[in-house]
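Participant: Supplied in structure tokens, the structure appears directly below.
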Amino acid sequence: MNISRTQVHGWLLLMPAAIFLIAFTYYPAVVTLGKSFFSQGTALRPSEFVGLENFQYMFDDDVFWQVVRNNVIYAAGTIPISIALAILMAVWVNGKLRFKSLTRMCYFTPTILPMIAVANIWLFFYTPEIGLLDQVSRVFGFGSHNWLGDPDTVLGCIIAVTIWKEAGFFMIFYLAALQTLPPELEEAAHLEGASRWYYFRRVMFPLLMPTTLFVLINAIINSFKLVDQLFILTKGGPDNASSLLLYYIYEVAFSFLDQAYASTLTVVLLIALAFIAVGQFFLLDKKVHYR
Amino acid sequence: MTVIGKGSWAQSLETIGAWLLAIIWMLPLIYAFWSAFHPPEYSTRFDLLAPLTLENFAVAWDRAPFARYFLNTFILVTMILLAQFVLCTLAAFAFARFDFPGKSVAFVFVLLQLMIMPEVLIVENYITMSKIGAVDTIAGIGLPYMASAFGIFLLRQTFKTIPKELDDAASVEGCSVFQILWKVYVPLARPTYVAYGLVSVSHHWNNFLWPLVITNSVETRPLTVGLAIFGAPESGVDWSIITAGTLLAVAPLLVAFLLFQRQFVQSFMYAGIK
């Protein structure tokens, strides 16, 4: 094959995928950015250039700030706990445990169930009076609580569902990593009289660092992307106490029909994701040191 | 792993912890089974002697067009998977084995899609779909996912591990580029296709937000969207029926998972490590 032919072949092979990527990822991303500088057109008043007016409106929008705060809490609540649980699960399932594969299956099952379906079941858990949570708390002498109706507990409830859904998925990556660790390491640590916790802290956890970084990136992206449960559990309520950025974008675009403002909000989401992309770039650089 | 710790006491405590967590993790599913197989009056009362029934499934099946939803989801995941296999194979082959100007820039752009998922761009993609008349079609649900950066990346990594001597030999034998791809690369990458296929099918079987936005009729709605409408509190259906409907919707994937547990776990693992 001569040079110019392979070049043409390369581009031709890439072309079909490139067309789809441009049409449904890059083109809409660029157009979204553009639209954030224009007003929402109506039948009487066509859309016009308004500069940063949409962004000004966004900075004055209390709901926007609430949603951003919720999203930060959501991320801060789900990420560390689901990663810690994932490591714990992986260590357990990788070790000597009776009913090992059954246990592993239990941990992993939430991953393959649709969020929308499991939210139906969780909704029952949280129902006041008859829900499982209230039935259990009654046994311990606590009164009934409207978990999803109280602005103070609703976000915690959403976080719990997400942790439950994610931890088993992350476990898989740790399990894969643990299986590559040579067993001599632990034997040596044991001979030296190191405790199990010491071994974990000083040997295993540092060696799992690349996996943790990979999982961390995934978890951060998920904290922006995973909003399905809101549709069933709370619809962002009460009073936006559980609304997240992507859910708010959906509401603004398809309930309030304000595409210009929805585009402005999408730009914020895109900027956040761009930051993660850059962060990943630097983290992956670091990863090399551990390999 | 060898037993390290302060004897069997600590060991059994950990075992109990592991099992307890497993039970908590299965609790929603266990509850769903309880409620779906018992009469409505037992859905919040736990009594070992409660009579079993299949009535809830029959009612759920009648209340919503589940058969149609199943068909829609089946068409959707099959269509997406086939398109992904074709588009990603071609692009991955280009990245793995061809040199062309702009290759590395193009690859960075592909990887960007790992961050900017179609979910983020629902507003603009909806407008695109209405321009091309794809609103409320099953193709409209699938289109944004067909060129998958993840699939391209995964297949490229696999193709790169295939020795170049193999395709040199094939081209000496007179094989064209497509014949080399079809007869050498695709068969050797089979495990990757299986792994990616399982991840893709379970992802799109469960996907919700974009299908919700783009569909508005029974003829196109996938299971997840149908289930959300069915389970909405406004619909006034009781717990046992909702859980029965929920189990119906997850049954195919759940059964497949239980049967091919090893394959599933390994596929997700494999897809994640690459």
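Participant: Roughly how large, in nm² to one decimal, is the mean projection of the convex hull of the alpha-carbon atoms in the range A:128-187? Provide the component values of the computation, followed by the final result.
Facilitator: Details: hull surface 27.3 nm².
For the Cα atoms of the range A:128-187, the hull's average projected area reads 6.8 nm².
Participant: Taking every residue in B:244-256, how many Cβ atoms of other protein chains lie within 10 Å of its Cβ, on average?
Facilitator: Numbers: counts 0, 2, 8, 2, 1, 5, 7, 0, 0, 4, 4, 0, 1.
Per residue, the number of nearby Cβ atoms from other chains is 3 on average.
Participant: Loop-only check: which trypsin sites (Lys or Arg not before Pro) in the range B:5-64 are DSSP coil with at most 15 other Cβ within 10 angstrom? Please report the intermediate quantities before stating the final value.
Facilitator: On the way: sites: B:K6, B:R45, B:R63; in loops: B:K6, B:R45.
Those satisfying the criteria are B:K6, B:R45.
Participant: Using Cα-only point scatterers and the Debye equation, what is log10 of I(q)/I(0) for the range A:146-287 at each q in 0.11, 0.18 Å⁻¹, rounded to two decimals?
Facilitator: Log10 I(q)/I(0), no solvent term: -0.61, -1.08.
Participant: Given +1 on the Cβ of Lys and Arg, -1 on the Cβ of Asp and Glu, and no further charges, what dipole in debye does the protein assembly as shown carry about its Cα centre, rounded to the nearest 20? Before the final figure, lay out the partial values.
Facilitator: Values: 33 positive and 35 negative charges, 360 e Å.
Dipole size: approximately 1740 debye.
Participant: For chain A, how big is Rg over Rh, using alpha carbon atoms and the Kirkwood form of Rh? Spell out each step's value before the answer.
Facilitator: Working: Rg = 23.9 Å, Rh = 22.6 Å.
Rounded to two decimals, Rg over Rh is 1.06.
Participant: Name the chymotrypsin sites (Phe, Trp or Tyr not before Pro) in the range A:122-170 that are in a loop by DSSP and that have at most 15 other C-beta atoms within 10 Å, would you? Before the final figure, lay out each step's value.
Facilitator: Numbers: sites: A:W122, A:F124, A:F125, A:Y126, A:F140, A:F142, A:W147, A:W164, A:F169, A:F170; in loops: A:F140, A:F142, A:W147.
Here the chymotrypsin sites (Phe, Trp or Tyr not before Pro) that fit, given the DSSP loop and packing criteria, are A:F140, A:F142.
Participant: Okay, moving on. Return, for the Cα atoms of the range B:184-274, the radius of gyration and Dmax in Å, separated by a comma.
Facilitator: For the range B:184-274, the Cα-based Rg and Dmax read 16.7, 57 Å.
Participant: Moving on. Other chains near A:131-139: what is the mean number of their Cβ atoms within 10 Å of each residue's Cβ?
Facilitator: On the way: counts 1, 5, 0, 1, 3, 0, 0, 0, 0.
For peptide A:131-139, the averaged partner shielding equals 1.
Participant: May I pose another question? Cα axis of helix B:103-112 to longest principal axis of chain B: angle in degrees, 0 to 90, nearest 10?
Facilitator: Compared with the principal axis, the helix lies near 10 degrees.
Participant: Given bins 20 angstrom wide, list per bin the percent of all Cα-Cα distances in the protein assembly as shown, short to long.
Facilitator: 18, 52, 27, 3, 0
Participant: By how many degrees, between 0 and 90 and to the nearest 10, does the Cα long axis of helix B:66-97 differ from the longest principal axis of chain B?
Facilitator: So the inclination is approximately 30 degrees.
Participant: Determine Rg/Rh for the range A:150-232; Rg is computed over alpha-carbon atoms and Rh is the Kirkwood hydrodynamic estimate from the same atoms. Mind showing how you got there, number by number?
Facilitator: On the way: Rg = 17.4 Å, Rh = 15.2 Å.
On the Cα set of the range A:150-232, Rg over Rh gives 1.14.
Participant: Quote the convex hull volume per residue of the range B:83-150, based on C-alpha atoms, as a whole number of Å³.
Facilitator: On the way: hull volume 6.8 nm³, N = 68.
Normalising the Cα hull of the range B:83-150 by residue number yields 100 Å³.
Participant: Given 10 Å bins starting at zero, what is the percent of C-alpha pairs of the range A:75-198 in each, up to the one with the largest pair distance?
Facilitator: It works out to 12, 31, 30, 17, 9, 1, in whole percents.
Participant: Now a separate question. Kirkwood Rh, Cα Rg: Rg to Rh for the range B:65-273? All intermediate terms of the calculation are to be shown ahead of the outcome.
Facilitator: On the way: Rg = 19.8 Å, Rh = 19.1 Å.
We get a ratio of 1.04 for the range B:65-273.
Participant: Here's something else I'd like to know. Choose one of A:V268, B:Q261, B:S240: the residue whose Cα lies farthest towards the positive end of the charge dipole of the protein assembly as shown (beta-carbon charges +1 Lys, Arg; -1 Asp, Glu; about the Cα centre).
Facilitator: B:Q261
Participant: Give the whole-number value, in cubic angstrom per residue, of the convex hull volume spanned by the C-alpha atoms of the range B:161-223.
Facilitator: 126
Participant: So, one more: Go through B:K103/B:K131; A:K100/B:K160; A:K35/A:K225; A:K165/A:K235 and tell me which ones have a Cα-Cα distance over 24 Å in this structure. List each step's numbers first, then the result.
Facilitator: Details: B:K103/B:K131 31 Å; A:K100/B:K160 35 Å; A:K35/A:K225 22 Å; A:K165/A:K235 19 Å.
In this structure, B:K103/B:K131; A:K100/B:K160 exceed 24 Å between Cα atoms.
Participant: If amide hydrogens are placed 1.01 Å from N in the peptide plane, which non-local residues have theirs closer than 5 Å to the one on A:F38?
Facilitator: Those qualifying (amide H under 5 Å, at least 5 residues apart or on another chain) are A:V50.
Participant: Further question: Which distance in Å, rounded to a whole number, links the C-alpha centroids of the range B:192-226 and the range A:77-124?
Facilitator: Spelled out, the Cα-based centre of one part sits 22 Å from the other.
Participant: Of A:C157, B:C175, how do they rank once you tally other Cβ atoms within 10 Å and put the fewest first? Could the numbers behind the result be given before it?
Facilitator: Values: A:C157 21, B:C175 16.
Ordered from fewest to most neighbouring Cβ atoms within 10 Å, A:C157, B:C175 come out as B:C175, A:C157.
Participant: Still on this structure, please answer the following. In Å, the Kirkwood hydrodynamic radius of the range B:5-65 over pairs of distinct alpha carbons? Mind showing how you got there, number by number?
Facilitator: Values: mean 1/r = 0.0701 Å⁻¹.
About 14.3 Å for the range B:5-65.
Participant: Not counting the cut sites, what is the longest span of chain A without GluC sites (Glu not before Pro) that DSSP labels loop and that have at most 15 other Cβ atoms within 10 Å? All intermediate terms of the calculation are to be shown ahead of the outcome.
Facilitator: Values: sites that count: A:E48, A:E129, A:E192.
Formally, the longest exposed-site-free interval is A:193-291.
Participant: Using a Cα-Cα cut-off of under 12 Å, which aspartates and glutamates could be cross-linked to A:K96, ignoring same-chain neighbours fewer than 8 residues away?
Facilitator: B:E14
Participant: Pull up the cross-link candidates among the aspartates and glutamates for B:K183, meaning alpha carbon to alpha carbon under 19 Å and not fewer than 8 places away within one chain.
Facilitator: B:E165, B:D167, B:D168, B:E173
Participant: Taking a ≥ b ≥ c as the square roots of the eigenvalues of the Cα gyration tensor of the range A:218-263, is the shape rounded (a/c under 1.5), prolate (a/b larger than b/c) or oblate?
Facilitator: Working: a/c = 2.28, a/b = 1.25, b/c = 1.83.
Cα axes put the range A:218-263 in the oblate bin.
Participant: Helix B:149-160 versus the longest principal axis of chain B: what angle, 0 to 90°, nearest 10, using Cα atoms?
Facilitator: Approximately 50 degrees, to the nearest 10.
Participant: Count, for each residue of B:15-23, the Cβ atoms from other chains sitting within 10 Å of its Cβ, then give me the mean as a whole number.
Facilitator: On the way: counts 7, 0, 2, 14, 7, 0, 8, 13, 2.
Other-chain Cβ atoms within 10 Å of each residue's Cβ, averaged: 6.
Participant: Quote the charge dipole size of chain A about the Cα centre in Debye, to the nearest 20; the model charges only the Cβ of Lys and Arg (+1) and of Asp and Glu (-1). Can you show the working numbers first?
Facilitator: On the way: 18 positive and 19 negative charges, 242 e Å.
That gives a dipole near 1160 debye.
Participant: Largest first and to the nearest Å, give the Cα extent of the range B:21-134 along each principal axis.
Facilitator: The Cα atoms of the range B:21-134 stretch 72, 41, 26 Å along their principal axes.
Participant: Another one. Please check: in the Gaussian network model of chain A (C-alpha springs, under 10 Å), which one of A:A219, A:A76, A:A194 has the largest mean-square fluctuation.
Facilitator: Maximum among the listed residues: A:A194.
Participant: Under the classification rounded if a/c is under 1.5, otherwise prolate if a/b is larger than b/c and oblate if not, where does the range A:1-55 fall, given a ≥ b ≥ c as square roots of the Cα gyration tensor eigenvalues?
Facilitator: Details: a/c = 4.92, a/b = 3.78, b/c = 1.30.
Judged from the Cα gyration tensor, the range A:1-55 comes out prolate (a/c at least 1.5, a/b above b/c).
Read-outs throughout are calculated quantities, based only on the coordinates presented, and are distinct from any laboratory measurement. In this text, all values refer to a predicted model and were calculated from it rather than measured experimentally. No Cβ is skipped: glycine too gets one built from the backbone with ideal geometry, and neighbour counts run over all protein chains shown.
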